[in-house]
Every structure is written in structure tokens, then in C-alpha cells.
Amino acid sequence: MTISQTSTLVQHAPLEGATLAWMTLGLSLASFMQILDITIANVALSTIAGDLGMATTQGTWVITAFGVANAIAVPMSGWLARQWGEIRLFAWAMLLFVVTSLFCGLSTNIASLVLFRILQGLAAGPLVPLAQSLLLNNYPPEKRSMALALWSLTVIVAPICGPILGGWISDNYHWSWIFFINIPVGLLALLLVRITLKGRETATLSQPIDRIGLWLLVIGVGSLQWVLDRGKELDWFASREIMLLAISSGIALTALVIWELTEKYPILDLSLFKQRNFSIGVLCLSSATPLYMGTIVLVPLLLQSVLGYTATWAGLAAAPIGLLPLIISPLIGRLGARIDMRWVVTISFLAFSGCFYWRAISFFPGIPFSGIAWPQFFQGLAVACFFMPLTTITLSGISERRLADASSLSNFLRTLSGSIGTSITTTLWERREIHHHQQLTGGLDPSQPLLIEYYQQFAQWGQEKLPATVLLIQQITQQALIIAANEIFWAASWIFLGMIVIVWFAKPPFGKGTSDLGH
């Protein structure tokens, strides 16, 4: 078999002025919407389950269906872009995303909703990698740091807005609007991209389909995402289903790596890891993202479990993390060509470490709203110095025609590591809570003077012993939850300090080279 070039690579002049601004808005809206859709349905599961007459456990299929399909589609984005062209693939993916969002909102039973969520996840997969690639390919070289800074805002703000918006819609409107809001935003993004990038299609390559690699990818990634989404519910490896899926995933992913390293036309271009900065950037992103995403989920859960916050108020307490990036990210983007990104990432990791330490020593049952909001606010500094600089390091030295492959592979590993981090964090929190709960209750002795005084006080108030015991157990549970969370915060603080060493193996200059690595 031979590979045939169906269109030649045309070097287009970078966009400027209003056209550049409108393109940026369109691509940013697409990225924002795709990332938002990963989290927005989470807080509405009970509402959706009740309306469709199904158990809440069945409602988790709404999340799992999207997650599995999306996890499979993201790494395929580079290969699909080579076949059809980046702009054409983006347009069709965006249109399919809009259509499937409509049908998700119109669903009247769980079967149809899950089916359209699968299709929606497949359509959403290429949006973020292609948005990143199209931004870089159409920005002036000296402004590419700004392009990545603007793109990184969508990655930062969308996961914060998702739970807040999802909770607000569920409380005030029908759950279907969680999906309907995608329609006008998606159509606007599609219109802007089609207008601003008309006549700027990327080169296409007609390649044989890597069928074996594709099936290994589907089995390996699909099984792994299923394990991550359903593992906690089924008690992980105590479940035969989870055990078999984990084994299938491990075998398929190992075989995938071996196959792709020897395949002439791989669906995943693993040769990108020959580029030092790509390897270092992906390693840092895939190591830090699990900690970041895990705590994004943990903090709202902690607020709801210990302080009794609603989902909406827990989201509002976590929201200040997005404020500083709105100011700092564009500034870093403007100065990107003149600063060493390794120093920026170092500041990020130090700030992450400090904020996790702050939480570990300051959280208690009666903590005020400000005590939650301030660490979140200052963690915004860490976030602002995280996504854009590491993405710049990751994609430095990558040629324009390989940007889609590099972007899809790095985004796939970042997203997958985030799912792993979320699952590990929530599971570890629950198991450490059980451990500390047993320790705290095991130390209770009915003959202890303090315990006797506790029950006597309730007796003076006319309360029976049972309500007093229930209240005591609730307080112990709260303490166990806090101790377990603090252990995770402590561990994250130390891990971020250790990761500072890794980023300094990256080699400048960043964002200037266009090495082809022999391709």
C-alpha cells in the first residue's frame, strides 16, 4: 500500500485584526462547550433519573456513555484530520455535536438518552484538539503564546461553570436545557469558524486504515474509561466486571503501544515522544492534571458532606479559582516569547503546593465561606501558570502539519489522566474516611468522663440517648471526612514540589521551532 497526497500543503498567511479575533472566539466557544459538557450533567443526574423513571445508578450511564465515547474519539482526532482536513472535520464534528445535543434534550427514556450521549461524545472528541491546532496554525508566530493563553481559559473556566450551571438549570428549568444550551453556542462557533477559515483547509493524506490499532484503541480506552466511571459504584476489583474490563484494558493498551510503534501508518503517532519537550510537557500535564482535577471534584464534595452546602453553593465557593487566570493568562500570553516557560511552570507548582498546604491546615467543620474561597482564589495563580505554559512546552518544535496529531495525543493523555485522578481521589477519600471513622469510634469508652458529661447534657435538655448518639456519630463522620481530605491535600502539596524537577529537563526555546523529527 502506498500513501497518496490528495492536497498539497499551502502556507497561508496568518490571520490578523477582526478576522483573527472572531476565529479565536469561535474556536474558544467550541472548546468551552465540549469541556463544559463533561461536567454539566453530573449534578443533574438525580433530576434526570427521576424524570425518566430510572434509578440514580442507571443515571450514571449518562456520564459513562459520553466519557467512554469521548475518550475513544480524542486520540483519533489527528488521524481523522489527516484524512479529511482539520477545518472540515471540525465543522462536521461541531454540527454533529449540535444535532446530538438536541436529541439528548428531547430524549424520553434512558435508552435513547444514552445512545445520543454516545454520539455526542464521539462528536465532541475532535473539538478541543482541533481548536488548539487551528489556533496555532492561523496565529502569527509571535502571537501563538497569546493564542494558547486564550485557549487555556476555556480549560480553566469550563469545569468550574459546569456544576454551577448544571445545578442552576436543574433547580429552575427542565434538565433538557443542559443540552439545549449547546445548540445556539455550537451554531455560532460553527458559523464563525466557517467564515474566518474559509479557503484555509489543511493538507489531507489518504492513508490505509490502521484497523488493528483502531480496535485496540477502542477496546483499551473504552474498557479503561468504563472502569474509571463504574469502578467505585461496583467496589472496584471486588467486581468481576471491573476485574475483566481492567485486564482487557491492560492487554489492549499494551498491545496498542507495541503495534503503533511498528505500524507504518499508525492511528496514534507515538514517534512524537522522540521530541524531548513533547515528552516532558506530556509527563508534567499527565502528572499534575490528576491532582488538579481530583481536588476540583473533592472540594465541592467536602463542602456538601461536611458543611451541608448545596451543589450550586459548593460550585460558587470553588468558582474564585477562575478569577486570577482571566487577568494573568493574557499577560503570560503577551510576554510568552520573552520569558522562560519553565519558570512559569515552577511558579505554578509552588502555588499549587502552597494552596494545598493551606487547605490541609485550615479546614474545619465551622469554616466560613471566605475560608473556602480564598485558597481557591489564590490557586487561580497556579492554574494560570499551568495549562498555557505546559502546552507551549509540549508543542514547541512540532511542525504545523503534525500539530493536530500532537494536540490530540497530549489532550487525550491529559483528559484520561484527569479521569484517573478523579476516580483515585474520590475512592481514596472514602476509604480513608472509613479508616479514620473506625479509629475515632474505636476509641470511645462509655466510662469516659467526657462522654458521660455529653449524655448528661443532652438529658438536661430533655433529649434521649439515641438522638445524642446519632449526633455524635455525625460529628465523628465529619471529622473523619476532614482528616481524609487533609491527607490528600498534604500528599498533593508534596507531589507538586517534587514535579518541579521534571519541568527543568525541557529545552528552550519554546514555541519557535518547527522540527519534523524526520517526518
Check: What's the center-to-center distance, using Cα atoms, between region 417-432 and region 143-202 in Å?
Finding: 27 Å
Next item on the list: Would you work out which of 149, 304, 384 lies farthest towards the positive end of the dipole of the chain? Charges go on Cβ: Lys and Arg +1, Asp and Glu -1.
Entry: 149
Next item on the list: Show that you can apply the helix-only estimate: for the chain, add -39,500 (n - 2.57) for every DSSP H stretch of four or more residues, divide by all residues, and state [θ] at 222 nm to the nearest 500.
Entry: -25500 deg cm²/dmol
Next item on the list: Ratio to report: Rg/Rh of region 207-246, with Cα atoms as the point set and Rh obtained by the Kirkwood method; give two decimals.
Entry: 1.18
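In what sequence, largest accessible area first, do 244, 102, 136 appear using a 1.4 Å probe? Please list the in-between numbers first.
Working: 244 100, 102 65, 136 10 Å².
Correct descending sequence by accessible area is 244, 102, 136.
Taking 0.36 nm per intervening residue step and subtracting the Cα-Cα distance, what contour gain separates residue 172 from residue 331 on full extension? Mind showing how you got there, number by number?
Numbers: separation 159, 0.36 × 159 = 57.24 nm, distance 3.74 nm.
Gain on extension, residue 172 to residue 331, equals 53.5 nm.
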Note to self: Please list the three semi-axes, largest first and in whole Å, of the ellipsoid equivalent to region 328-421, using sqrt of 5 times the eigenvalues of its alpha carbon gyration tensor.
What the structure shows: 31, 17, 10
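May I ask you to order 110-120, 369-379 by the average number of other C-beta atoms within 10 Å around their residues, highest value first?
On the way: 110-120: 19.6, 369-379: 18.0.
Output ranking for 110-120, 369-379: 110-120, 369-379.
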Notebook entry, point to check: How much FRET efficiency would the formula 1/(1 + (r/R0)^6) give for residue 198 and residue 240, where r is the Cβ-Cβ distance and R0 is 56 Å, rounded to 0.05?
Noted result: 0.55
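Starting from the Kirkwood radius over alpha-carbon pairs of the chain, derive D by Stokes-Einstein at 4 °C in a medium of 1.567 mPa s and give it in µm² s⁻¹.
Working: Rh = 24.3 Å.
Result for D is 53 µm²/s.
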Check: When the gyration tensor of region 96-165 is built from Cα positions, what are the square roots of 5 times its three eigenvalues, in whole Å, from largest to smallest?
Finding: 32, 15, 7
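For region 237-310, what is the convex hull (Cα atoms) projected area averaged across all directions, in square nanometres?
Average projection, Cα convex hull of region 237-310: 8.1 nm².
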Checklist line | Vicinal HN-Hα couplings computed from phi for region 136-149 (Karplus, 6.51 cos²θ - 1.76 cosθ + 1.60; Hz; Gly/Pro x) | finding: 5, 6, 10, 8, x, x, 6, 10, 5, 4, 5, 4, 5, 5
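So for each of 210-223, 254-267 I average, over its residues, the number of other beta carbons within 10 Å; can you give me the resulting order with the highest mean first?
Details: 210-223: 18.6, 254-267: 15.4.
With the highest mean Cβ count within 10 Å placed first, the list reads 210-223, 254-267.
Suppose a student asked you for the relative contact order of the chain, using Cα pairs under 8 Å spaced at least 6 residues apart; what percent would you report? Kindly include the intermediate steps, with their values, before the conclusion.
On the way: 806 pairs, mean separation 110.6, N = 519.
Contact order relative to length: 21 percent.
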Checklist line | Cα-based reach from residue 274 at 15 Å (exclusive), listing aspartates and glutamates while leaving out same-chain residues under 8 positions away | finding: 260, 405, 516
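Normalized C-alpha radius of gyration of region 178-309, against 2.2 N^0.38 Å? Intermediate results must be reported in sequence, preceding the final value.
Working: Rg = 20.5 Å, N = 132, 2.2 N^0.38 = 14.1 Å.
Ratio of Cα Rg to 2.2 N^0.38 Å: 1.46.
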Check: Treating the beta-carbon of each Lys and Arg as +1 and of each Asp and Glu as -1, no other charges, what is the dipole magnitude of the chain about its Cα centre, to the nearest 20 debye?
Finding: 1300 debye
Margin query: Given bins 10 angstrom wide, list per bin the percent of all Cα-Cα distances in region 50-161, short to long.
Written below: 14, 36, 32, 14, 4, 0
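Peptides 192-204, 77-89: what's the order by average Cβ count within 10 Å, highest mean first? Let's see the in-between values first.
Working: 192-204: 17.2, 77-89: 22.2.
Ranking the peptides 192-204, 77-89 by packing returns 77-89, 192-204.
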Note to self: Placing +1 on the Cβ of each Lys and Arg and -1 on the Cβ of each Asp and Glu in the chain, which of 195, 426, 101 has its Cα farthest towards the positive end of the resulting dipole?
What the structure shows: 195
Notebook entry, point to check: So, in Å, what gap is there between the alpha-carbon centers of region 109-128 and region 64-90?
Noted result: 13 Å
Checklist line | Karplus (6.51, -1.76, 1.60) ³J(HN,Hα), θ = phi - 60°, over region 19-34, in Hz, Gly and Pro reported as x | finding: 4, 4, 5, 5, 4, 4, 4, x, 5, 5, 4, 5, 5, 4, 5, 5
Check: Binning every alpha carbon pair distance of region 229-383 at 10 Å from zero, what are the percents per bin?
Finding: 9, 25, 25, 26, 13, 1, 0
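The values are calculated or read from the model by the stated rules, or taken from the named source; none is laboratory data. Keep in mind it's a predicted model, so treat the numbers as computed, not measured. Using ideal geometry, Cβ is built from the backbone for each residue, glycine included, and neighbour counts are taken over all protein chains shown. The area values use the complete protein model at the heavy-atom level, side chains included, leaving out ligands, DNA and RNA. Shrake-Rupley method; radii C 1.70, N 1.55, O 1.52, S 1.80 Å.
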